[in-house]
Amino acid sequence: MSDFLLDRFEKCRKGISKNLQKLPNYCLDFLLSIENYTSPLTRLNYSKDLEIFFDYIAKNIFHKNAKDITFSDLESLRKQDIEMFLSYLSYYEYNGKTYHNGEKGKARKIATIRSFFKYNFKNDNIKSDVASKVDTPKIHTKEIIRLEVDEVAKLINEADCPDHMTKRQQAFNKHTKNRDVAILSLFLATGIRVSECVGININDVDFDNNSFKVTRKGGNQVILYFSDEVKTALLAWLKDREVWLKDSKENALFVSLQKKRITTRAVENLVKKYSKIASPLKKISPHKLRSTYGTNLYRETGDIYVVAEVLGHKDVNTTKRHYAAMSEDIRRSVANKVKLRD
C-alpha cells in the first residue's frame, strides 16, 4: 500500500475512533461487520451518520446521553421518529455549526440507518427493524453540467496562456502553468476522480505505454491510458517538477509549491479558478470535468458499458442514470443507418 493510501487510511481510522467515542459500544460491532466490503472512507461516513442520528434521538426522544441508548430504546422507536429525523436533516445545528442536507444527503443517511438496524435485527439484538419501513427520499435527476468542446479548449488555454487573469494571478501561474495544464488534461482525457488524481505517484506512470495506475474507490487498482497530447503535457510538467523538488524524496506525481503532494482542495481551487474564466455561467468542479469526459466518451462509442468500465462505476445503472439523457441523441443518429431499399 502506498504512503498516500496509508495516510488516508490512518486519517479515516482516527476519524472513526473519534466518532465512536460518542456512540454506544455496540456501534463498533456494526462497523466491524462491514469492514470487508467497504472502504475506510465509507465507514467513516457511516460512523458520522450514526453519530448525528444518535445525537438526535438522544436529545429529542430519550433525553439521555447518546452512549447510554440501549437496544430496548432502539426497539421502541417508531417509523414516525425516523421520518422526523429525516425532516430534521434539512436544516440543523451540530457542534456549533449549521448543516443542510438535500435529497442525496438524506438518502445516504437513511441508507446508513437501515443498514445499522438490519444488522442488529439479523443478529437478534433487536426484535423489529423499524428503519426498513421508512421510504428513501426521492432523488430528482439533475441536468449534468459539462463543458462543451470549445469550453474544454478554452479551459486548458486559460491555464496555458492566462491572458484574462489579474497580474497577481499571472505571476503565480508562471510557476504552476505546466502542472495545471497537466492536471486539467488528465481529468478531461481520462475521467479520473480528484482523489485518484492526487493519489498518483511518479512511478505509477508508464510513458512507454501511455498508461498510469490509479486506486479506485474501495482500494482496487486499475490501469488507465492517456493520449499523446496528455503525454506531452505530463512530460512538460515533469521537467518543472524536477526543478521544484531537486533532492526531495516526495513521490507524488503532482505537488504543491510547498513541495508536498497536492491536496484535493488545491486541485478543486485551481479547476474553479480557470473555469470561472473559461465558462463563467457554469459551476465547474473536478467532478464536472469527469462528467465532461464521460459525455464525450459516450458520444464517441455509444456504449454505456465502456463508459462504466473506464469511469470505474461498479454498477452500470449508475452510469445510465448520469448519461440517459444522451440516449435520444444516439437513437436519432442511427435512424438512417438501416436501409430498407436501395
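The values are calculated or read from the model by the stated rules, or taken from the named source; none is laboratory data. Everything numeric in this text was worked out from a predicted model, so none of it was measured. For neighbour counting, all protein chains shown are included, and Cβ atoms are generated from backbone atoms with ideal geometry for every residue, glycine included.
In the range 150-197, how many residues are charged (D, E, K, R), under 25 Å from the mean Cα position of the chain (by Cα) and in a loop (DSSP other than H, G, I, E, B)?
Total satisfying the criteria: 1.
Would you point out the residue of the range 87-108, among those that are among the small types (Gly, Ala, Ser) and over 17 Å from the mean Cα position of the chain (by Cα), that is modelled with the lowest pLDDT?
The selected residue is 96.
Would you mind stating whether residue 93 is outside the structural domain of residue 299 (by TED's automatic domain parsing) and touching a residue at least 40 places away in the same chain (Cβ under 8 Å)? Break it down stepwise before answering.
On the way: outside the structural domain of residue 299 (by TED's automatic domain parsing): yes; touching a residue at least 40 places away in the same chain (Cβ under 8 Å): no.
Here the answer is no, as residue 93 does not meet what is asked.
Could you list all residues from the range 253-287 that are among the charged types (D, E, K, R), closer than 24 Å to residue 205 by Cα and out of contact with any strand residue (DSSP E or B) (no Cβ under 6 Å at 6 or more places or on another chain)? It would help to see each step written out before you state the result.
To start, the set of residues in the range 253-287 that are among the charged types (D, E, K, R) comprises 259-261, 265, 268, 272-273, 276, 282-283.
Checking which are closer than 24 Å to residue 205 by Cα leaves us with 259-261, 265, 268.
Those that are among the charged types (D, E, K, R), closer than 24 Å to residue 205 by Cα and out of contact with any strand residue (DSSP E or B) (no Cβ under 6 Å at 6 or more places or on another chain): 259, 260, 265, 268.
How many of the residues in the range 191-216 are loosely packed, with under 15 Cβ neighbours inside 10 Å and either among the basic types (Lys, Arg) or touching a residue at least 12 places away in the same chain (Cβ under 8 Å) (or both)?
Here is the first cut: in the range 191-216, the residues loosely packed, with under 15 Cβ neighbours inside 10 Å are 202-203, 206-209, 211.
Going one step further and asking which of them are either among the basic types (Lys, Arg) or touching a residue at least 12 places away in the same chain (Cβ under 8 Å) (or both), we end up with 202-203, 207, 209, 211.
Qualifying residue count for the region: 5.
Restricting the first residue to the range 53-79 and requiring it to be in contact (Cβ under 8 Å) with a residue 12 or more places away in the chain, which pairs with a second residue that is among the polar types (S, T, N, Q) and part of a helix (DSSP H, G or I) meet a Cβ separation below 9 Å and a spacing of at least six or different chains?
Between residues of the range 53-79 that are in contact (Cβ under 8 Å) with a residue 12 or more places away in the chain and residues that are among the polar types (S, T, N, Q) and part of a helix (DSSP H, G or I), the close pairs are 53/112; 61/76; 71/120; 74/120.
Output the residue which, of all residues in the range 1-57 that are assigned to a helix (DSSP H, G or I) and of a type in the set (Ser, Thr, Tyr), is nearest to residue 255 (Cα to Cα). Can you show your working first?
Restricting attention to the range 1-57, the residues satisfying the condition of being assigned to a helix (DSSP H, G or I) are 3-20, 26-33, 35-37, 40-57.
Adding the requirement that they be of a type in the set (Ser, Thr, Tyr) leaves 17, 26, 33, 37, 42, 46-47, 56.
On the way: 17: 30, 26: 42, 33: 37, 37: 31, 42: 26, 46: 31, 47: 31, 56: 41 Å.
Ranking the qualifying residues of the range 1-57, first place goes to 42.
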